[in-house]
Amino acid sequence: MNSYIKPNGGGGGGGGGGSGSHRLKLGAFLHSDPALSNSLKESHSRPSNSSLGSPFRGGGGSGDRSPDEMTDFAPSPSPYIMSPYAKSPWSLAPNLLPSNHNGLIYTLVREEGHVYSLAASDDFLFTGSESKNIRVWKQMKEFSGFKSNSGLVKAIVIAGDKIFTGHQDGKIRVWKFSPENTKNPHRRLGTLPRIRDYIKSAFNPNNYVQVRRHVSVPWIKHYDAVSCMSLDEKQGILYSGSWDKTFKVWRLSDSKCLESVIAHHDAVNSIVTGFDCLVFTGSADGTVKVWRRELMGKTTKHVLVQTLLEQESAVTALATVIPQGLIYSGSSDGLVNFWESKKRLSHGGVLHGHRAAVLCLSVAGNLVLSGSADKSICVWKRNMGGDHSFLSMLTGHGGPIKCLVMKEDCEPTSEGDRKWTVYSGSLDNSVKVWRVLDEQM
């Protein structure tokens, strides 16, 4: 049965306030995410055929910025050390909810700015924001934290005891979790690429690529914001996508950059690994592309095998369901498209639920969740026949929703339904925690 959920005490709903209030909030976004402000303007005026193109990726490159300290992977103390006496920048607001209902459980309100990225592993939740801090939470309590020297945190990926963070300044930073160090369990190991690899590349003129007029840089380094990352655990590979229109391939065993692919005509907004050795990229140029890693001599290269989508609206988010061979894309026109591999990646349909740009997607089990600039989360269920049923709309955020993460609870409900915990990060400076049920029919 379809339902509309509005949690008690969860803040503003999806509709927003008056026009004056809306203009004030919209102006506040301009300095921190020019892309989103354009998305909001476009979605309110021409939601179905707007073209964000280059403005969706936000402002300028990092070629004129001072280089980060590119140390090799020797452990160094984190510049951010939690004090047991320090006042937490978060306030926790629990919400009482019946165990058999979808809705809001907790609200974590932070004073450090917009929340841009989330990642979950075991009992830990990682949150990244424009403050350059990465906070670590365990069972809704602040556990630890670490901080980069520059660049707001656009993406977080966890690989075993290592955490990779992608930043606005074009850098990928690597951290190591050491539970035996109770005072400072997360330590920075270095950056990608490592200094030895960067210097070696820089000495060879053939390794330079032109990024703008009269500006060339070594190909192994992103020169604009790292907007997204994805992990291929089987192959031991990390993928990073950037506003510099490329994605790069990193081997985890030795931190070497294996390849840089000029993938799109505009910013790469999302990259996900998938099924059948495929990698998917979505861009501000309105396309979703499919790449396959193929052996060529003694090396491997990523070859474009298919373009799934070509449209005017920017592609903003991707998600894959590997067992079923499904790929979902969200875009600035508020739509979610999906494709099915059983039919050679043919278009399966469109999910309509948002009044503004879709900014993030998360899929798990039979559920598909989309977060939007309209401040809502839509929940769909994928049925046996391949069609999708709209289950509910989660409202409560006071700003656009930038990131979503889902984790399954160990124990089902008394009715046998699968139960999921959903974390959402927003430009209202908060993280909200929701319960979502996958009802068994």
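The values are calculated or read from the model by the stated rules, or taken from the named source; none is laboratory data. For clarity, every value in this text was computed on a predicted model and none was experimentally measured. Virtual Cβ from ideal backbone geometry, glycine too; neighbours counted across all protein chains shown.
Per-residue answers, yes or no, for (1) closer than 23 Å to residue 138 by Cα; (2) under 16 Å from the mean Cα position of the chain (by Cα); (3) part of a loop (DSSP other than H, G, I, E, B):
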| site | (1), (2), (3) |
| --- | --- |
| 363 | yes, yes, no |
| 380 | no, no, no |
| 398 | no, no, yes |
| 402 | yes, yes, no |
| 428 | yes, no, yes |
| 434 | yes, no, no |
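Just to be sure I understand, how many residues within the stretch 208-258 are acidic (Asp, Glu) and either surrounded by 20 or more Cβ atoms within 10 Å (Cβ to Cβ) or more than 26 Å from residue 276 (Cα to Cα) (or both)?
2
Candidates in the stretch 153-188 are the residues that are farther than 22 Å from residue 259 by Cα and in contact (Cβ under 8 Å) with a residue 60 or more places away in the chain; of these, the one that is surrounded by the fewest Cβ atoms within 10 Å (Cβ to Cβ) is 183. If the condition is being hydroxyl-bearing (Ser, Thr, Tyr) and modelled with pLDDT of 80 or more, then the stretch 93-111 contributes 106, 107.
A count restricted to the stretch 269-307 and to residues that are aliphatic (A, V, I, L, M), assigned to a strand (DSSP E or B) and within 23 Å of residue 226 (Cα to Cα) stands at 8.
Hey, does the stretch 261-278 have a residue that's among the charged types (D, E, K, R) and surrounded by 20 or more Cβ atoms within 10 Å (Cβ to Cβ)?
yes
Considering the stretch 366-412, the residues that are hydroxyl-bearing (Ser, Thr, Tyr) and over 28 Å from residue 158 (Cβ atoms) include one that is surrounded by the fewest Cβ atoms within 10 Å (Cβ to Cβ), namely 389.
Which residues, counting only those in the stretch 293-314, are surrounded by 15 or more Cβ atoms within 10 Å (Cβ to Cβ) and closer than 19 Å to residue 258 by Cβ?
Of everything in the stretch 293-314, those that are surrounded by 15 or more Cβ atoms within 10 Å (Cβ to Cβ) and closer than 19 Å to residue 258 by Cβ turn out to be 293, 300, 301, 302.
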